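Participant: Could you have a look at this structure, given as structure tokens, before my questions?
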Amino acid sequence: MPLLNKVRTAVPGGLGGDTATHSLSRLRSALTLFFALDGFLFAGWVVRIPAIKQQTGSTASDLGLALLGVSAGAVVTMTLTGRLCRRYGSHAVTVVTAVLLSLSIALPALTGSPLALGLVLLLFGAAYGGINVAMNSAAVDLVAALRRPVMPSFHAAFSLGGMLGAGLGGLVAGSLSPATHLFGLTVVGLCLTALAGPVLLRLPSPALPEATSAAVRGGAGTDGRGKAGSRGMVIVFGVIALCTAYGEGALADWGALHLEQDLHAHPGVAAAGYSLFALTMTVGRLSGTALLERLGQTRTLVAGGTTAAAGMLLGALAPTAWAALLGFAVTGLGLANIFPVAVARAGTLAGPSGVATASTLGYGGMLLGPPSIGFLADWFSLPVALTTVAALAAGAALIGYAARDARGPETV
């Protein structure tokens, strides 16, 4: 591909040839580690939610309101992180928010009331929202420089980190207090940030050739109607991302509680629910490129949404914990590639700004889903509340099919 040779001369600092390739490879490795760390820390928190719920004496509604603190903190930060990235660079913002996330994860175990929990989760949510926008912004620049569809690999790293974090949480749930466990996660997070952070700080975001940048920016066309239509389609794909990320957030925060409370599973088995979900999601994302080449983007969206809807109906309504675990696994396979595909389609239509918009909407779904589940659980029941995950997954499939004719500039 001719653009590959052009990109090699476009790395800041005048680097070229093998040196530029090596720099991009190091940058990709460091970003991958931050995605994995994000998933690891988030999963480590969510598997201890049942214990934190009991520690703070929260009802399902109380917990839902407290979890809304994560959403509120993240939404506020997401609206500001883009500006911070433009001013200070996405790499620096990624490192700073990784430090904040590592520090804030220890705070929930120090609370004794739903109000205190909600307040500290505001800080946790702010750090979580910030790092996700900053990482994805950095990844967008790197994907464009590499001219290879490697975005699913970053999301696979997040899922792999989530699997490891949930698996570790399940192993220590019966022997370590939440305070000890979450403080340990703080230490791990700070150590890994100290390891990978200097790479991001030393290597600026790769600069693209002007021709490539113009091609990406020009996806909406030159007339106002084309740009407005492109923005509208970006919102559509952002909604698809939201529908599927809602399910990921719901399973992360409520899956273990459903297994333990409704199906009377052992705490270790309950913690394994999210770990299994993250495992199948990781497998699905690692095979995402081959799946896209075989089915195409629209069929991948439709098949994924349909599969996830069926799996979540089983996971929510199954009479036994083992059947529910199977449903969680199928749900992970179905949801695996919908978010990356939706973000990629948004980027095809509007470049990096489209990716940022769709990512923000998607992560908003991940953060707003859990409190919604909490309210629905109090009004109906937790199994019924979890069926909304299936409904939104099916909705994502329908929207994806309806948006099959959306077009943008040629991208990898």
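Participant: Here is a check on your reading of the model: is Ala156 under 15 Å from the mean Cα position of the chain (by Cα), open to solvent by less than 10 Å² (accessible area, probe 1.4 Å) and closer than 23 Å to Leu368 by Cβ?
Facilitator: Judged against the criteria, Ala156 is not a match.
Participant: Could you grab me the full set of residues in the range 161-185 that are at pLDDT below 85 and either among the charged types (D, E, K, R) or part of a helix (DSSP H, G or I) (or both)?
Facilitator: Gly162, Met163, Ala166, Gly167, Gly170
Participant: Collect the residues in the range 251-275 that are out of contact with any Gly (no Cβ under 7 Å at 6 or more places or on another chain) and open to solvent by less than 60 Å² (accessible area, probe 1.4 Å), keeping them in residue-number order.
Facilitator: Answer for the range 251-275, where residues must be out of contact with any Gly (no Cβ under 7 Å at 6 or more places or on another chain) and open to solvent by less than 60 Å² (accessible area, probe 1.4 Å): Leu251, Ala252, Asp253, Trp254, Leu257, His258, Asp262, Leu263, Ala265, Val269, Ala270.
Each row is one residue, and each column tells you yes or no for (1) part of a helix (DSSP H, G or I); (2) surrounded by fewer than 20 Cβ atoms within 10 Å (Cβ to Cβ); (3) modelled with pLDDT of 85 or more; (4) not basic (Lys, Arg).
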{"position": "Leu68", "(1), (2), (3), (4)": "yes, no, no, yes"}
{"position": "Met78", "(1), (2), (3), (4)": "yes, no, no, yes"}
{"position": "Leu84", "(1), (2), (3), (4)": "yes, yes, yes, yes"}
{"position": "His91", "(1), (2), (3), (4)": "yes, no, yes, yes"}
{"position": "Leu103", "(1), (2), (3), (4)": "yes, yes, yes, yes"}
{"position": "Leu115", "(1), (2), (3), (4)": "yes, yes, yes, yes"}
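Participant: Output the number of residues of the range 19-63 satisfying the condition of being touching a Phe, Trp or Tyr at 6+ places or on another chain (Cβ under 7 Å), surrounded by 24 or more Cβ atoms within 10 Å (Cβ to Cβ) and either β-branched (Val, Ile, Thr) or farther than 21 Å from Val133 by Cα (or both).
Facilitator: Matching residues across the range 19-63 total 2.
Participant: Anything in the range 186-210 that is at pLDDT below 90 and either under 30 Å from Leu325 (Cβ atoms) or surrounded by 18 or more Cβ atoms within 10 Å (Cβ to Cβ) (or both)? List them, or say none.
Facilitator: Within the range 186-210, Leu203, Ser205, Pro206, Leu208 qualify.
Participant: How many of the residues in the range 281-308 are in a helix (DSSP H, G or I), more than 19 Å from the chain's Cα centre (by Cα), under 22 Å from Ala402 (Cβ atoms) and of a type in the set (Gly, Ala, Ser)?
Facilitator: 1
The values are calculated or read from the model by the stated rules, or taken from the named source; none is laboratory data. As the structure is a prediction and not an experimental result, all values here were calculated from the model. Every residue, glycine among them, receives a Cβ derived from its backbone with ideal geometry; neighbour counts consider all protein chains shown. Areas reflect the complete protein model, heavy atoms only, side chains present, ligands, DNA and RNA absent. Shrake-Rupley method; radii C 1.70, N 1.55, O 1.52, S 1.80 Å.
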